[in-house]
Amino acid sequence: MSIPFFDGHNDLLLRLSRRPEARHDLWLGDTGAGHLDLARMRRAGFAGGFFAIFVPSPSSGPPQPFTMPDPPYQKPLPPLMDHVAAQPPALAMAGILHWMDRSSPDDFRLCRSAPDLRAAIAAGRIAALMHLEGAEAIGADLDALRLWHAMGLRSLGPVWSRPTIFGHGVPMAYPGHPDTGPGLTQTGKDLVRLCDEMGILIDLSHLNEKGFDDVARHSRAPLIATHSNAHAICPSTRNLTDRQLHMIRERGGMVGLNFATFFLNPDGRADPGTGFEPMLRHLDHLITHLGEDHVGLGSDFDGCTLPDVIGDVTGVPRLFNAMAAHGYDDALIAKLARENWLALLDRALP
């Protein structure tokens with residue numbers, strides 16, 4: 001079943017930034033590398049999504065694919081990274097996103113509002129929103145946030161799992177619970193308030209439970225987790241408890257289903273042989289606790305171990321076929337694929 005879809009999270013910019021000399025071929029060519037490129041996105045029906053800027057922690061070796069060991073595990077948190085170290089690679093990725101817009105003007109558009117996004121999709125262009133996954137590229141004075149907004153930033157997560165001057169992420173652990181430490185710092189609360197004023201969405205996906213609650217207290221916007229799953233099915237620290245899901249529903253928010261096998265499987269394993277059944281179990285649970293108007297996709301393409309049944313972006317239509325075989329009707333599949341995200345952005349990103 002091929003229908004247009006909107007995706008809550010991908011890490012394509014990180015992959016392109018690691019091979020800047022090959023970015024033309026990786027974006028516009030037919031290499032088949034990674035999970036995303038323009039041609040495959042077009043074939044799959046990728047209508048738009050959040051494009052993450054994520055700065056990895058420094059490493060002495062070559063970049064490694066992000067995965068998890070066999071459970072039980074608790075990966076140590078990397079140390080805090082300051083804005084001096086984070087800004088150059090983050091700006092490089094923002095530059096790549098702007099280059100993608102320039103290099104494929106008939107096919108791709110960096111959008112700054114919900115009307116921009118709707119217009120791009122109506123014109124047949126892939127609609128991109130710039131997202132910071134971890135706000136390390138913003139200093140304590142928050143001045144850089146205004147510069148990022150001018151560059152097109154419309155969504156950020158105050159943390160990836162390592163701590164920041166704004167708050168604390170969850171350690172990658174299985175089994176575990178997201179109640180893992182203190183909440184937002186005072187600077188983090190100031191960041192949330194300023195994001196509200198400027199129309200920048202706050203992503204809850206990597207925050208611990210107390211940070212989640214602080215965002216709910218200090219933000220007036222809908223609560224959004226762009227790429228998270230149900231803790232009741234897979235008890236990873238990265239997944240959302242039923243209490244958190246109820247809070248998101250009460251605030252008219254959204255959760256995007258993460259395709260990472262280690263956040264899908266009840267046993268927490270990074271198993272590429274994972275089928276559609278765990279994905280459907282999470283969707284059933286999310287729909288039960290959030291309602292069918294508050295669930296979408298948040299693939300984590302180019303940032304995780306995918307089920308082989310998905311493989312890359314061209315496997316998303318197979319997921320829609322599995323939804324149909326599971327009993328979801330066409331109207332519900334359309335909501336999960338695209339309409340819920342677009343309605344959320346209409347409300348939250350005027």
Within the group P171, P175, which residue is over 17 Å from I287 (Cβ atoms) and modelled with pLDDT under 95? P171
Which is within 30 Å of Q74 (Cβ to Cβ), touching a strand residue (DSSP E or B) at 6+ places or on another chain (Cβ under 6 Å) and either surrounded by 21 or more Cβ atoms within 10 Å (Cβ to Cβ) or not hydroxyl-bearing (S, T, Y) (or both), of A127, A140, A173? A173
Only residues in segment 127-154 that are closer than 23 Å to F6 by Cα and in a strand (DSSP E or B) count as the first member; pair them with residues that are of a type in the set (D, E) and at pLDDT 95 or above, Cβ under 9 angstrom, at least 6 apart or cross-chain, and list the lot. A127/D116; A128/D101; H131/D203; L132/D203; E133/D11; E133/D203
Applying the selection to segment 1-34, what residues are touching a residue at least 24 places away in the same chain (Cβ under 8 Å), open to solvent by less than 30 Å² (accessible area, probe 1.4 Å) and in a loop (DSSP other than H, G, I, E, B)? D11
Of the residues in segment 155-178, those that are among the β-branched types (V, I, T) and either outside any loop (DSSP other than H, G, I, E, B) or in contact with a Ser or Thr (Cβ under 8 Å, 6 or more places away or on another chain) (or both) number 2
Given the options P115, P105, P78, name the one that is open to solvent by 50 Å² or more (accessible area, probe 1.4 Å) and assigned to a loop (DSSP other than H, G, I, E, B). P105
Which residue is nearest to P222 (Cα to Cα), if the candidates are limited to segment 266-290 and must be free of Cβ contacts under 8 Å to residues at least 60 places away in the same chain and open to solvent by less than 10 Å² (accessible area, probe 1.4 Å)? L290
For a quick check of your reading: which helices (runs of 4 or more DSSP H) sit entirely within segment 199-293 and have at least 1 residues that are under 22 Å from R162 (Cβ atoms) and modelled with pLDDT of 95 or more? 209-218, 242-250, 261-264
Pairs where the first residue, in segment 325-342, is under 21 Å from P222 (Cα atoms) and the second is small (G, A, S) and crowded, with 20+ Cβ neighbours inside 10 Å, C-beta under 7 Å, 6+ apart: L336/G296; R338/A47; N340/G296; W341/G8; W341/G296
Take the conditions open to solvent by 30 Å² or more (accessible area, probe 1.4 Å) and in contact with a helix residue (DSSP H, G or I) (Cβ under 8 Å, 6 or more places away or on another chain) and apply them to A337. Does it pass? no
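The values are calculated or read from the model by the stated rules, or taken from the named source; none is laboratory data. What you see is a predicted model, and the numbers here were worked out from it, not measured in a lab. Neighbour counts are summed over all protein chains in view; Cβ atoms, including those assigned to glycine, are modelled from backbone coordinates with ideal geometry. Keep in mind that these areas ignore ligands, DNA and RNA; they rest on the heavy atoms of the full protein, side chains included. Shrake-Rupley method; radii C 1.70, N 1.55, O 1.52, S 1.80 Å.
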